[in-house]
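Report on the following structure.
The values are calculated or read from the model by the stated rules, or taken from the named source; none is laboratory data. None of the values given here were measured: they were computed from a predicted structure. All Cβ positions, even for glycine, are placed from backbone atoms using ideal geometry, and neighbour counts span all protein chains on display.
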Amino acid sequence: MEQPGMLDVLVVDDDSPDGTPDIVRAVAESYPRRIQLVERAGKLGLGTAYLEGYTRALEQGYEFICGMDADLSHNPDDLPRLIGTVSDGDADMAIGSRYVGGVRIINWPLSRLMLSYFAGIYTRVITRLPVRDVTAGFLCYHRRVLESLDFSRIQSNGYSFLIEVKFRTWRKGFVLKEIPIVFTERTEGQSKMSKAIIREAAFKVWEFRLRDLFGRL
């Protein structure tokens, strides 16, 4: 899955117990200019991890900035398609979608699939966000999108973070496009999905919609 030399990697690690930093440092020895590591003290949340990565990418001048899971549930071979969609001007944000054109998920239990699918419907009904995979984490942005977002106003930190960024991007008039991918559930580790995360997302979508209606987004 080695990618072309045009792509660099930044790994944001929240004190992983599986030795991720050691593995990243070892691989970086072979690619010293292409791989960077950010080690954070403790579990600081999904949202802040994404924002940490985005901030550093903007500071270093990257034009196309992607976010993805590091457990291979997102296939790196799909990166050129997402980047190409943005670089060709077809979209400002490309979304690696599990649900556009059908359901493309491997190894999820039916309960998890139904929760994710109907959460998308729930979110679209409330927010009008024209995206089928609202919690997709496999994304490519043109830097102008991230530059337009006030990170200090983004309060979500679980999966609702992924909804909030898409919603804010859409409401600013940028073009979002879903690209079909196959999502394969990881075989190691445990999902971070919890009832608290589900509750946060359920209430946050109402907050996004109301803030938008009252001009306070």
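Just a few scattered comments:
- One residue alone among Gly47, Gly5 is small (Gly, Ala, Ser) and either in contact with a strand residue (DSSP E or B) (Cβ under 8 Å, 6 or more places away or on another chain) or at pLDDT below 90 (or both), and that residue is Gly5.
- Here the condition is being acidic (Asp, Glu), assigned to a loop (DSSP other than H, G, I, E, B), modelled with pLDDT of 90 or more and loosely packed, with under 14 Cβ neighbours inside 10 Å; of Asp90, Asp77, Asp22, it holds for Asp90 alone.
- Entry remark, the range 94-121: residues being loosely packed, with under 11 Cβ neighbours inside 10 Å and not in a strand (DSSP E or B) number 6 in total.
- Here Gly189 clears all of (1) at pLDDT 95 or above; (2) over 14 Å from the mean Cα position of the chain (by Cα) except the condition numbered (1).
- Some residue of the range 81-103 being under 18 Å from the mean Cα position of the chain (by Cα), acidic (Asp, Glu) and closer than 28 Å to Asp18 by Cα: no
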